[in-house]
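First comes the structure, then the notes that go with it.
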Amino acid sequence: MNDPRLLLAEDDEMLASLLRYRLEKEGYLVEWVSDGRAMKESLERTLPDIVVSDVLMPYFSGIEMVDYLRNEIKSSIPVILISTAGNETNVLNAFELGADDFIAKPVSPSELMVRIHKILKTRVA
Amino acid sequence: MTQTFWTYRPLPLFQAPEIHTNLLWDLGILFGSISLAYFGFIFLMRNRLSARKAAVRQHKRELAPMISNFLFYDPETEAEGREAYITMKIEIRELLKNPFNRRILSEVLMDLKTDVSGSARVKLLRLYRDLGLHQDAYTKLKSWRWERVSQGIRELTEMEVEKAYTLIRPFVNDKRGVIRKQAQLATVSLREEGLSFFMDTARYSISEWQQIKLLEILRQREDYNPPRFRDWLTSENRDVVLFALRLIRHYNQNDAEPAIIRLLQHRNTMVKMAAAECIRDFRFKAARDPLKVIFRKSGEALKLLILEALSSIGDAHDLPILQQISEQDGNFVVRSKARSVMNTLVPGSALPVAGIDPLEPVAPQENPKEEPQVLQTFQGQTEINELEVQAEEIPATEGFNLKPTPSAPEDNGLPELSEQGAHIPMDDWDEALFDFCLKQELRAIMTQAGPSEEDPGDDIAFIPYIVEDEPEEETSLQSDREPALIEVDYQVVVPETGNPSEGYHHETRTSSAFDLSFIPLVTEDSAEMAGSHQASEPRWSRQATDFEIQEAETLVPAFGLTGEPEDETSFSEPIKTEYFTAQPEKTAPNQEGTFCIFSEFIREYDTESKLILLSEIPAVGGPKEAAFLRGLLEDQDARIREKAAAVLEELNGAQVGPEETKPARGLQLRNFGRFRLWRPKKERTHE
């Protein structure tokens, strides 16, 4: 099986770099985008196996991205959202729109790895 | 000629200044140069800042993989990458020789620290110390610039350098506010004992925001064993006390009841409010009375808190004061809250008052002993049909005005507090309203138990302090009954045979006076009341009107009272009849041995006053005054003698009936013997 492709959408460059390093180390092919517009272009170009996105992004939020994926592109690829604590309303909206999982900041990279792995494993099964 | 010159010569108001053209050029060049220099400086600064920002970003990008490598390197699982790891370590140490790189690395680590958690965060903090970046923060602590010191403290706090605690501690009371606040957060954050040190030593004010941040730090601390915060309730720093109260409430330390109740008397409203919150949450029942005491002088927020506290610790005994608040307080929110609390304590004790039409009064019942029904069931289940019937049966009893009147729109079965009723002492209200509520409750229980032939009111007569019904007497607060003339007996102490040296004897006389017995201002001795629950007089009711008070105050000195009572306790003492008897040595010359109220004034006043007073006698005088005037006919002063003669003549002409039908006004006081006639001076002053 090929390495899974992962789209990482995070506007914080340092955190993105850290997560990217960790994800690549775990064997994922990571494409990093720093804003919503680039994320949308990337999704139009090619669909990854999983999307890890921050909720609050410039131009195009994570929730809008879920809506776009589910209702425009009609794709069911798994989406994990990252958001700050106390933003539960957004998260609930995202879950209603079809997000698969949610992880709060500060992010534990190890926890994120486990969640990604679990979701992909469920999908494959 | 001169006048013509000044009149017709035009004088210019404005005159263009004569400036040399070269000077204008010079000034233009000067200001142009300054402008160019200014914009050039801004341009250079912007470029420099942009370049610096780009350099920082570039350095961060270079450092990020290194940091990631350090964070996620596991020497046990990645034996083959060990050499690369060591190489990177050497490389980063080389980079750290540059202060700029050190600063960037510190920033990167601090940014990442807020974004990551778990093992990555622990490794991040360790990396910070391993790279010796905390030494830079130590250096910042020694700076004279407050922003650098603050930055250093913040850095050490966020990177959890526990060893920095002793270095930061002296800044807790720094005179520079930013440093002080940063140091307070650091002290509490770095070590568990930091909070105790901070609370012990804090001399400056602690802002609300600071308290919230400190509390947040404590909440996030794992396995935190909080100290007993009651120890700081005695602090001289008001904010420390306030913070301690909040911590006590947060950590549910309910072992500081006396101190917290004492803090209700604190001058600071915030402290009072925090104490009231603690009392409400911990349900300190001993605080009921202090809460009531401070209520009057409190603001809206504190009043609401007090009412909330009373709703949690109060009971039916608090209904009277709540009723009073719900009717008298000037604040709408407080009044609403009071009614809400009343219903919380005793459901149904406060009924709707707004927009309720008064019920029509009905003819008095033939059988006055039949007890009126209550307006509502005690469980708050009001039945409308029953309500109408029951309301018609209510006579005006016990001093309550239960009859709906236009002036009493808020008739809910409880005694009204009119302007005069507002002066009724709180104790009386307490007891009376308690009696009233108790009777209601008992009556409701008896009604539920089944029909009874007996009057339920009679069955509760064994309870002390029950107010007796006197349906035949109208004692409502809205009573407009006029006092009627009645025959009264009074005692006069008169000298034997007119000579005081031979002794005195009591002489009973009869005269007419206004019947003021309808004024139910009774202040019986409590012992007497307790032992005599069959007393026929109502124990409490409205206060005397201002007119009555003035009347009494005017008349009492004439009977030899030495002055007004000094305090409330003296009011409670029954005024003995003998107090009103004339003092023989003070009476004016009176040949017939009768007493005249003018005698003392005439004796003590100057001549002018005497003349004025004498001129008033015909309007109010009677036979006693005539006798008194006859005594004045032998006065040493000729003017007094003449005036007395004139007045006597006028008085004799105005006599219209027998002597007994024209009573001296002072005798009206005869019936006041057991009533409270005065209010304390304070109350009268407020009016």
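Of the residues making up region A:80-103, just one is in contact with a Phe, Trp or Tyr (Cβ under 6 Å, 6 or more places away or on another chain) and more than 17 Å from residue A:58 (Cα to Cα), namely A:91.
Is it the case that residue B:64 is farther than 22 Å from residue B:190 by Cβ, without any contact (Cβ under 8 Å) to a residue 40 or more places away in the chain and either within 14 Å of chain A (Cβ to nearest Cβ) or among the small types (Gly, Ala, Ser) (or both)? Quick ask: steps written out before the conclusion?
Values: farther than 22 Å from residue B:190 by Cβ: yes; without any contact (Cβ under 8 Å) to a residue 40 or more places away in the chain: no; either within 14 Å of chain A (Cβ to nearest Cβ) or among the small types (Gly, Ala, Ser) (or both): yes.
No: the conditions fail for residue B:64.
On the stretch given as region A:94-125, residues that are more than 14 Å from chain B (Cβ to nearest Cβ), touching a helix residue (DSSP H, G or I) at 6+ places or on another chain (Cβ under 9 Å) and of a type outside the set (Phe, Trp, Tyr) total 7. Regarding residue A:90, is this residue among the polar types (S, T, N, Q) and under 25 Å from residue B:121 (Cβ atoms)? Yes; evaluated as a whole, the condition is true for this residue. Checked against the criterion of being surrounded by 14 or more Cβ atoms within 10 Å (Cβ to Cβ), farther than 29 Å from residue B:285 by Cα, under 34 Å from the mean Cα position of the chain (by Cα) and not aliphatic (A, V, I, L, M), the candidates B:243, B:198 yield just one match: B:198. Scanning region B:16-61 for residues that are free of Cβ contacts under 8 Å to residues at least 40 places away in the same chain and within 14 Å of chain A (Cβ to nearest Cβ) yields B:53, B:54, B:57, B:58, B:61. Of all the listed residues (B:286, B:309, B:259), the sole one being crowded, with 20+ Cβ neighbours inside 10 Å and either part of a helix (DSSP H, G or I) or among the aliphatic types (A, V, I, L, M) (or both) is B:309. Within region B:68-87, the residues that satisfy the criterion of being surrounded by fewer than 17 Cβ atoms within 10 Å (Cβ to Cβ) and either in contact with a Phe, Trp or Tyr (Cβ under 8 Å, 6 or more places away or on another chain) or within 14 Å of chain A (Cβ to nearest Cβ) (or both) are B:74, B:75, B:77, B:78, B:80, B:81, B:84, B:85.
Within region B:116-128, the set of residues being part of a helix (DSSP H, G or I), surrounded by 22 or more Cβ atoms within 10 Å (Cβ to Cβ) and facing another protein chain (nearest Cβ under 7 Å) comprises B:120 only.
May I ask you to verify whether residue A:17 is within 14 Å of chain B (Cβ to nearest Cβ) and within 22 Å of residue A:117 (Cα to Cα)? Steps first, answer last, please.
Values: within 14 Å of chain B (Cβ to nearest Cβ): yes; within 22 Å of residue A:117 (Cα to Cα): yes.
The answer is yes for residue A:17.
Residues in region A:68-89 that are within 15 Å of the chain's Cα centre (by Cα) and within 24 Å of residue A:113 (Cα to Cα): A:69, A:70, A:75, A:76, A:77, A:78, A:79, A:80, A:81, A:82, A:83, A:84. Out of all the residues in region A:60-79, is one or more within 14 Å of another protein chain (Cβ to nearest Cβ), under 26 Å from residue A:2 (Cα atoms) and not hydroxyl-bearing (Ser, Thr, Tyr)? Checked against the condition, which is being within 14 Å of another protein chain (Cβ to nearest Cβ), under 26 Å from residue A:2 (Cα atoms) and not hydroxyl-bearing (Ser, Thr, Tyr), region A:60-79 yields no hits at all. Kindly indicate whether residue B:181 is under 47 Å from the mean Cα position of the chain (by Cα) and loosely packed, with under 15 Cβ neighbours inside 10 Å. So residue B:181 does not fit the description; no. Being in a loop (DSSP other than H, G, I, E, B), of a type in the set (Val, Ile, Thr) and at pLDDT 90 or above is a property that residue B:212 lacks.
The values are calculated or read from the model by the stated rules, or taken from the named source; none is laboratory data. Quantities reported herein were computed from a predicted structural model and do not represent experimental measurements. Every residue, glycine among them, receives a Cβ derived from its backbone with ideal geometry; neighbour counts consider all protein chains shown.
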